[in-house]
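Peer 1: Pasting a structure here, questions to come.
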Amino acid sequence: MLVLSRKVGEVVTIGNSIEITVISYDRGVVRLGINAPKSIAVHRKEIYDKIAETNKESSNVEFDMLKDLLKNTAISSIGSEKNKLEHLAIHNTKKD
Amino acid sequence: MEKQEVTILKIKTLHFGEIEIENDKIFHFPDGLLGFEKFNNFVLINHEETEPLRWLISIDDPTIGFPLINPWMVDIKYNPGKNIDLETEAAFVVITLGNKERVMTANMKAPLVLGVETREGRQIVMSSDKYSTKQPVIHTTSEEV
């Protein structure tokens, strides 16, 4: 890992298009200002970790429990027309 | 030149047995999903026992699949802003089940965006704090309806 020391107000650049400015330092909290192109997503790492964890949980969902829950769940279809992709899913019927 | 002809791929899924997929039904996720960066090709499945959910099944490893829901069925006011172009793209959110309470939750913070024509997909993370990674999918039992 590259480690750099910077004072408040100083800047680090990454590539040609990303700039990170140290805005302030106070009681162990560093505030950073980040300039990056819109195509580059910038988020706190905890958010990424949480989403990766949620994805893992989703991939391990207990199928039978989900089926049971759906039987007792009335999900309104109001609003569903906002999505255009419904017809692009492959339909699969139950096989016994 | 790419061939125009449709080829059929067979995958053996965890929950739905063997499924035949036409190659033009495949979605390519260049960056995968968060935590699943190496899984790049998926197919969307609509299984009758789990309507109205959809399943995003990995072609690279068909034992990997994610139950999805149309986010507007969870929150009719869902607003992903400029992250999605609803003229050409569709959105789904990832479903998980609560550990203790028997409730479905949806990750409204990180929707999957699928290009209808491009067949490309990506998982985006919304900057807004308005949306939760575990938004309950409000449900009523049939007795209460």
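Read-outs: derived from the displayed coordinates by stated rules, not from any lab. Computed from a predicted model, the values in this text were never measured in an experiment. In this analysis, Cβ positions are derived from the backbone assuming ideal geometry, glycine residues included, and neighbour counts consider all displayed protein chains.
Peer 1: Which whole number gives the average, over all residues in A:67-74, of C-beta atoms from other chains lying within 10 Å of the residue C-beta? Mind showing how you got there, number by number?
Peer 2: Values: counts 5, 1, 9, 9, 3, 7, 10, 7.
If you average over the peptide's residues, the count of other-chain Cβ atoms is 6.
Peer 1: R0 = 51 Å: FRET efficiency of residue B:129 with residue A:91, Cβ-based, nearest 0.05? List each step's numbers first, then the result.
Peer 2: Values: r = 37 Å, r/R0 = 0.73.
Approximately 0.85, to the nearest 0.05.
Peer 1: Relative to the first principal axis of the alpha-carbon coordinates of chain A, what is the inclination of helix A:45-59, with its axis defined by its Cα atoms, in degrees from 0 to 90 and to the nearest 10?
Peer 2: It works out to around 20 degrees.
Peer 1: Quick check on my link table: of A:82/B:77; A:71/B:10; A:71/B:25; B:38/B:134; A:50/B:12, which ones sit more than 20 Å apart, alpha carbon to alpha carbon? It would help to have the intermediate numbers written out before the result.
Peer 2: Details: A:82/B:77 11 Å; A:71/B:10 29 Å; A:71/B:25 29 Å; B:38/B:134 24 Å; A:50/B:12 29 Å.
Distance filter (> 20 Å) returns A:71/B:10; A:71/B:25; B:38/B:134; A:50/B:12.
Peer 1: Please compute the modelled spin-label separation between residue B:22 and residue A:8, points set 7 Å along Cα→Cβ, answer in nm with one decimal.
Peer 2: 6.3
Peer 1: Same structure, new question: Of all chymotrypsin sites (Phe, Trp or Tyr not before Pro) in chain A, which ones are in loop regions per DSSP and have a Cβ with at most 14 other Cβ atoms within 10 Å?
Peer 2: Values: sites: A:25, A:48, A:63; in loops: none.
Hits after loop and neighbour filter: nothing returned.
Peer 1: Does region B:9-106 come out rounded, prolate or oblate, given a ≥ b ≥ c as the square roots of the eigenvalues of its C-alpha gyration tensor, rounded meaning a/c under 1.5 and, failing that, prolate meaning a/b above b/c? Don't skip to the answer; put the middle values down first.
Peer 2: Values: a/c = 1.66, a/b = 1.21, b/c = 1.37.
In terms of gyration-tensor shape, oblate.
Peer 1: Additional query: Could you compute the FRET efficiency for residue B:5 and residue A:19, with r as their C-beta to C-beta distance and R0 at 51 Å, rounded to 0.05?
Peer 2: Values: r = 49 Å, r/R0 = 0.96.
Here the calculated transfer efficiency is 0.55.
Peer 1: Something else about it: Using only DSSP helix segments of four residues or longer, with each worth -39500 (n - 2.57), what per-residue ellipticity at 222 nm results for chain B after dividing by its residue count and rounding to 500?
Peer 2: Working: 1 runs with 4 residues, N = 145.
Value at 222 nm, helices only: -500 deg cm²/dmol.
Peer 1: A further question follows. Which order do the peptides A:35-46, B:61-72, A:10-21, B:9-20 take when ranked by the mean count of other beta-carbon atoms within 10 Å per residue, highest first?
Peer 2: Values: A:35-46: 10.1, B:61-72: 21.3, A:10-21: 11.9, B:9-20: 14.4.
Output ranking for A:35-46, B:61-72, A:10-21, B:9-20: B:61-72, B:9-20, A:10-21, A:35-46.
Peer 1: Roughly how crowded by other chains is peptide B:14-25, in terms of the mean Cβ count from those chains within 10 Å of each of its Cβ atoms?
Peer 2: Numbers: counts 2, 6, 6, 2, 1, 2, 1, 1, 1, 0, 1, 3.
What the average comes to for B:14-25 is 2.
Peer 1: Using Cα pairs under 8 angstrom and six or more residues apart, how large is the relative contact order of chain A, in percent?
Peer 2: Numbers: 51 pairs, mean separation 12.2, N = 96.
Once normalised by length, the contact order is 13 percent.
Peer 1: Could I ask something else about it? On full extension of the chain, what length is gained from residue A:68 through residue A:34, given 0.36 nm per residue of separation minus the C-alpha to C-alpha distance? Present the calculation step by step, with values, prior to reporting the outcome.
Peer 2: Working: separation 34, 0.36 × 34 = 12.24 nm, distance 4.64 nm.
That pair, residue A:68 and residue A:34, stretches by 7.6 nm at full extension.
Peer 1: Which of B:130, B:82, B:25 ends up with the largest GNM mean-square fluctuation for chain B, with Cα atoms connected below 10 Å?
Peer 2: Answer for the Gaussian network model of chain B: B:82.
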